[in-house]
Amino acid sequence: MKKRILGNNLEVSELGLGCMGMSFGYGDKADDQEMIQLMHEAFDQGITFFDTAEVYGPYINEELVGKALAPFKNQVVIATKFGFKMDPKDGKMIGLDSSPANIRRVAEASLKRLKVDAIDLFYQHRVDPEIPIDEVAGTVKDLIQEGKVKHFGLSEAGAATIRKAHQEQRVTALQSEYSLWTREPEQEIIPLLEELGIGFVPFSPLGKGFLTGKIDVHTELKENDFRKTLPRFTVEARNNNQALVDLISLIGQEKNASPAQICLAWLLAKKPWIVPIPGTTKLHRLHENAQSVNFQLNPKEIEEIENASTKIQIQGARYSEAAMKMVGK
């Protein structure tokens, strides 16, 4: 698998692996040993960029990633995140906390769980309106100078925040949702990232599974699957949004590619500094996603995909109302 550069000098595989779903978010927790084997297979496939966060679990996803990737020390890039306030009793998220003290606490704990000497990429998970962004960036800058962090990132941040943070400490990458059914970053964020030389790491590039064509109106989501809380995943919305999946499937048939491969190939073709991080708990999906790097879309094909997809009105917000209030700040 080829490499791409995020920011000025962070080299990663052109496709990463989102690890959240292995421990958190999509229903029952996966078997740890199977997930370790999956991460080893990802490495064998050429994937060297792995994404986690303290809040996934909480904590257990970082521990899993740390254990799985220990044999590949200095051969992989691990990204993790800070910025949520956790209830000390049950570990649940109870708000935001990007205070310098909490950033340092998270960094020290993540270093231990990940079994690394320095965090390769340390994202602010969500912008904390109570803490000035230059103070957040300054704290991470200090951690970089101390050798505990290598690169600073932001997640779901707005343009003004990105620009101000970048002035204090160079932002290597922005992580935000971006896919064929979430195109908002194209309006303001992607041009800004190009101007400042910041890499872009789209999460949920397959629409939390929906764009793969494996979820439809008949799919029963488990009670502890967080997609049950998303307006875009109501039965009515899924019924409406199926038109986009049908379109992607049709395009895939023409190129002998799966819908997932078309979605990932589209993202990879957009900019050379975009690195999607699809997540999976299944080996055959890992292989399918990894093969997307072999599908080249030319400008004409990209234009056709975008022209056709923009005619489909996507129904439902991508997050709950409360979660939407925490993005784009």
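In summary, strands (runs of 3 or more DSSP E) completely within the range 1-67 and bearing 3 or more residues that are touching an Asp or Glu at 6+ places or on another chain (Cβ under 9 Å) and modelled with pLDDT of 95 or more occur at 3-6. Can you find a residue that is within 18 Å of GLY46 (Cβ to Cβ) and surrounded by fewer than 18 Cβ atoms within 10 Å (Cβ to Cβ) anywhere in the range 296-312? Within the range 296-312, one or more residues are within 18 Å of GLY46 (Cβ to Cβ) and surrounded by fewer than 18 Cβ atoms within 10 Å (Cβ to Cβ). Residue under question is LYS271, and the condition is that it be basic (Lys, Arg) and either crowded, with 19+ Cβ neighbours inside 10 Å or in contact (Cβ under 8 Å) with a residue 60 or more places away in the chain (or both); does it hold? Yes.
Taking the range 232-257 as the range and being in contact (Cβ under 8 Å) with a residue 60 or more places away in the chain, open to solvent by 50 Å² or more (accessible area, probe 1.4 Å) and in a helix (DSSP H, G or I) as the test, the residues that pass are GLU236, ASN240. Might you let me know whether the range 188-198 holds any residue that is in a strand (DSSP E or B), surrounded by 22 or more Cβ atoms within 10 Å (Cβ to Cβ) and of a type in the set (A, V, I, L, M)? No, there is no match, as no residue in the range 188-198 is in a strand (DSSP E or B), surrounded by 22 or more Cβ atoms within 10 Å (Cβ to Cβ) and of a type in the set (A, V, I, L, M). Pairing each residue of the range 84-100 that is in contact (Cβ under 8 Å) with a residue 60 or more places away in the chain with any residue that is open to solvent by less than 40 Å² (accessible area, probe 1.4 Å) and part of a strand (DSSP E or B), provided the two are 6+ apart or on different chains, yields C-beta distances under 8 Å for LEU96/PHE84. Against the definition (among the aliphatic types (A, V, I, L, M), under 20 Å from the mean Cα position of the chain (by Cα) and open to solvent by 10 Å² or more (accessible area, probe 1.4 Å)), how does LEU206 come out, yes or no? Spelling it out, LEU206 is indeed among the aliphatic types (A, V, I, L, M), under 20 Å from the mean Cα position of the chain (by Cα) and open to solvent by 10 Å² or more (accessible area, probe 1.4 Å). Considering each residue of the range 266-273 in turn, none proves to be within 19 Å of ASP44 (Cβ to Cβ) and in a helix (DSSP H, G or I). Remark: pairs (first residue in the range 147-158, over 9 Å from THR172 (Cα atoms); second residue at pLDDT below 95 and surrounded by fewer than 21 Cβ atoms within 10 Å (Cβ to Cβ); Cβ separation under 6 Å; 6+ apart in sequence or on different chains) = GLY158/GLY328; GLY158/LYS329.
The values are calculated or read from the model by the stated rules, or taken from the named source; none is laboratory data. Since the model is a prediction, treat every value here as computed from it, not as a measurement. In this analysis, Cβ positions are derived from the backbone assuming ideal geometry, glycine residues included, and neighbour counts consider all displayed protein chains. Surface areas here come from the heavy atoms of the whole protein model, side chains and all, with no ligands, DNA or RNA. Shrake-Rupley method; radii C 1.70, N 1.55, O 1.52, S 1.80 Å.
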